[in-house]
Amino acid sequence: MYPFATIKAYQQQLFNGTTSCKQAVEYYLAQTKKFAHLNALLHVFPKEALQRAAALDEQRAAGKQPGKLHGVVVTVKDVIAWEQHPLSASSNILRNFHSIYNATAVQKLLAEDAIIIGINNCDEFAMGSSNENSAFGPVKNKLDESRVPGGSSGGSAVAVQADLCMVSLGSDTGGSVRQPADFCGIVGVKPSYGRVSRHGLIAYGSSFDQIGVLSQNVEDAALVLSVIAGADDYDSTVSTIPVPDYTAAVSSTAKPVLGYFKQTLTHAGLDEEIRNSHISLIEKLKADGYEVKELDFDLIDYIVPTYYVLTTAEASSNLSRYDGVRYGYRSTPVREELTEFYSANRSEGFGKEVQRRIMLGTFVLSAGYYDAYYTKAQQVRRKLYDQTKLVFSEIDALLMPVSPSTAFKIGEKSSNPIEMYLADIYTVFANLVGIPGVSIPLFQHSNGLPFGLQLMAKHFDELSLLGLADHLMKHYKAS
Ligand code: GLN
């Protein structure tokens, strides 16, 4: 019976009585045990999940109006606050910290009857592309356990990939939902900046961060996004644009005008087979009557540096609150002198990559270098934004690879941060300009690993984006 093809199919079975929330939770709990060695979940809450399942089963039997996510088994990334549950950003500095409130996204999931069963491992403070930066050890890709699942939402991706839950929440500052989805052969959706509230999401780069959804299919992600999106008094950057029912996008027959940036496919770092699969797909789409425009994008080599200047600057400011004074890790013996006290807490509490980024961010914001780096990067961001406006006056959706390679080996890139950063080349664009992006698992590499196609649309056009993504998944997926 489990897993179901879609959440809708599962809910139909719930309502015709052929399954129950309790059975669903028991199945997923058994899966979390079976695949515990993948390290995708830092915490599982069997008792609580079973209690909630039983309560929902009773409510259904009593004829209570069900929530949109009635009985849906979910896991959430360890940067998203869930009241009275551990929240550590996979960092030693927050080890044993428990959240005292719910993120808005979590609040909305719970209000619609979802069952959260666990918390996903991730790169520390969502900084990374491989999940190797977690203080709780790396996550393994179920398709090849010697390989990374991608990051930073690696645990959220593997939880869906290994069927430890129906859907998961991740966060995407520069690709952290789309890239692990790509490496794990699942769907990843990063909404427009301002579509989902960031209240209760541990901040990394506040002008980039968005909560996103990882799922087995587009329909499930659309359903979850319909629930978590929308205005929120706790986050003034969330848009008040009404939230459509994104599930209406599914089975869309629209034929949007498509486009791709020439330079993304000719880039030297791109794996040959990934390139060829994209070119063949474009040819196939053209043959099927799609208009596909080739566009110029000469700023390609600026996007990764711009992203890393701006996000590290924002991170250096956001992470200054972890000082060991109010909460979090405190080094012992406690230092008497204040600077030494901060320094000991932060040097022992933060991992290497987080420290590297705090230092880089502090440097680009420092008096003598501010204009050369931070101001310059803001100017490039503005240019990219303006160019994006023009691009989407010509096309409806932009096609791009998600990552230049398939899932790499654990340890392969961890000693070379620059190489790791450069691999974000295709994902950071959407965050720099704030547009929505999805990764759909269309392709299979001859090395046996999956890889995806990335689709992007203009701001707040998730509906057309998901419609196209669903259509391509159903008609263009290599078997
Ligand atoms: N890999 C990118 C980084 O390390 C993206 C991370 C993210 O989206 N959270 O910054």
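Every read-out reported here was derived from the displayed coordinates using simple, explicitly stated rules and does not represent laboratory data. If you're wondering where the values come from, they're calculated on a predicted model, not measured in any experiment. Every residue, glycine among them, receives a Cβ derived from its backbone with ideal geometry; neighbour counts consider all protein chains shown.
Below is a table of values for the structure above.
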{"quantity": "Amide H contacts under 5 Å for residue 147, placed H, 5+ residues apart", "calculated": "141, 410"}
{"quantity": "Karplus-derived HN-Hα couplings along the range 378-392 (A = 6.51, B = -1.76, C = 1.60, θ = phi - 60°), whole Hz, x at Gly and Pro", "calculated": "5, 5, 5, 4, 4, 4, 4, 4, 4, 5, 5, 4, 5, 4, 7"}
{"quantity": "Residue-wise HN-Hα coupling along the range 164-178, computed from phi with Karplus coefficients 6.51, -1.76, 1.60 (Hz; x: Gly, Pro)", "calculated": "8, 6, 7, 9, 9, 9, x, 9, 9, 9, x, x, 5, 9, 6"}
{"quantity": "Per-pair calculated FRET efficiency, R0 = 22 Å: residue 419 and residue 301 via Cβ, rounded to 0.05", "calculated": "0.90"}
{"quantity": "Inter-centroid distance (Cα atoms) of the range 186-203 relative to the range 36-65, Å", "calculated": "24 Å"}
{"quantity": "Rg over Rh, two decimals, the range 111-180 (C-alpha only, Kirkwood Rh)", "calculated": "0.97"}
{"quantity": "Reciprocal of mean inverse Cα separation for the range 211-316 (Kirkwood radius, Å)", "calculated": "17.7 Å"}
{"quantity": "Estimated vicinal HN-Hα couplings, Hz - the range 350-365 in sequence order (Karplus 6.51, -1.76, 1.60; Gly, Pro = x)", "calculated": "8, x, 4, 5, 5, 5, 4, 6, 4, 5, 4, x, 5, 5, 5, 9"}
{"quantity": "Size of the range 324-464 as Cα extents on the principal axes (Å, biggest first)", "calculated": "61, 41, 28"}
{"quantity": "Cβ-Cβ FRET estimate between residue 320 and residue 34, R0 fixed at 51 Å, reported to 0.05", "calculated": "0.80"}
{"quantity": "Over the chain: Rg over Rh, Cα atoms, Kirkwood Rh", "calculated": "0.96"}
{"quantity": "Euclidean distance between Cα centres, the range 352-423 to the range 112-131, Å", "calculated": "22 Å"}
{"quantity": "Amide proton proximity set for residue 43, modelled H, under 5 Å, gap of 5+", "calculated": "119"}
{"quantity": "Förster radius 22 Å - calculated FRET efficiency between residue 362 and residue 332, Cβ distance, rounded to 0.05", "calculated": "0.25"}
{"quantity": "Overall Cα dimensions of the range 276-337, principal axis frame, Å, largest first", "calculated": "71, 22, 18"}
{"quantity": "Peptide ranges 215-221, 386-392, 51-57, 282-288 listed from the most packed, as the mean C-beta count within 10 angstrom indicates", "calculated": "215-221, 51-57, 386-392, 282-288"}
{"quantity": "Length added when fully stretched, residue 144-residue 447, from 0.36 nm per residue minus Cα-Cα", "calculated": "108.0 nm"}
{"quantity": "The chain - charge dipole about Cα centre, Lys and Arg +1 at Cβ, Asp and Glu -1, debye rounded to 20", "calculated": "500 debye"}
{"quantity": "Which of 433, 408, 375, positive extreme of dipole for the range 374-467 (C-beta unit charges)", "calculated": "375"}
{"quantity": "For the range 1-146, the spread of Cα positions along each principal axis, largest first, Å", "calculated": "46, 36, 23"}
{"quantity": "Equivalent ellipsoid, the range 144-206 (semi-axes from 5 times Cα gyration tensor eigenvalues, Å)", "calculated": "21, 12, 10"}
{"quantity": "Gained length - residue 248 relative to residue 288, 0.36 nm times residue gap less alpha-carbon distance", "calculated": "12.1 nm"}
{"quantity": "Cα point-scatterer Debye curve for the range 294-376, base-10 log of I(q)/I(0) at q = 0.18, 0.25, 0.27 Å⁻¹", "calculated": "-0.80, -1.13, -1.22"}
{"quantity": "Packing rank of 254-260, 150-156, where each peptide gets the mean count of other beta carbons within 10 Å, highest leading", "calculated": "150-156, 254-260"}
{"quantity": "Theoretical gain in end-to-end length, residue 347 to residue 394 [0.36 nm per residue, Cα-Cα removed]", "calculated": "12.0 nm"}
{"quantity": "Relative contact order for the chain, counting Cα pairs under 8 Å that sit 6 or more residues apart, in percent", "calculated": "17 percent"}
